[in-house]
């Protein structure tokens, strides 16, 4: 069942893959639950590079986007050697934040994990103040990808 998106928001998706490494598994041979947050980050970084809103792009404009909230829901295990598909979904919001939802699938295309992260904009110049309005470069990016009208 698909979760409702707040504010009648638009979404942008990106698909990437991650190969499960031995070091990411526990003594039972399954991925340790904390590593799914890293897979979310892998998906988010791939999304950012693909859509032109990477961490390096943000840094270039004087901002960082720390995570202020994260959640995961585990459904099935991943194991060493699996190749997982990470669907990263940007959920648009009028606020000065970035909301991402994630779906991770195993090689059989079964849903193994879902999650969400919320990031806020912090100015790296000066005191690292929280931005209460979307930065100009972020507004321009939204226009470029069709989330905002010109």
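Points to keep in mind about this one:
- Selection of the range 27-51 for residues being over 16 Å from residue 115 (Cβ atoms) and at pLDDT 95 or above yields 30, 48, 49, 50, 51.
- No other residue among 43, 48, 29 is surrounded by fewer than 16 Cβ atoms within 10 Å (Cβ to Cβ) and either out of contact with any helix residue (DSSP H, G or I) (no Cβ under 6 Å at 6 or more places or on another chain) or touching a residue at least 12 places away in the same chain (Cβ under 8 Å) (or both) apart from 29.
- The set of residues in the range 60-81 that are in contact (Cβ under 8 Å) with a residue 60 or more places away in the chain and buried (at least 18 other Cβ atoms within 10 Å of the Cβ) contains only 63.
- Taking each residue of the range 102-118 that is closer than 13 Å to residue 78 by Cβ and looking for partners that are surrounded by fewer than 13 Cβ atoms within 10 Å (Cβ to Cβ) and at pLDDT 95 or above with beta-carbon atoms closer than 7 Å, six or more apart or interchain, yields 107/83; 111/75; 112/75; 113/73; 113/75.
- Among the residues making up the range 5-26, those that are assigned to a helix (DSSP H, G or I) and free of Cβ contacts under 8 Å to residues at least 24 places away in the same chain are 8, 23.
- Scope the range 125-150; condition touching a residue at least 60 places away in the same chain (Cβ under 8 Å), surrounded by 13 or more Cβ atoms within 10 Å (Cβ to Cβ) and either out of contact with any helix residue (DSSP H, G or I) (no Cβ under 7 Å at 6 or more places or on another chain) or within 30 Å of residue 20 (Cα to Cα) (or both); matching residues: 131, 135, 137, 138, 141, 144, 147
The values are calculated or read from the model by the stated rules, or taken from the named source; none is laboratory data. Source: prediction; values computed, not measured. Methodologically, a virtual Cβ is constructed for each residue, glycine included, from the backbone with ideal geometry; neighbour enumeration extends over all protein chains shown.
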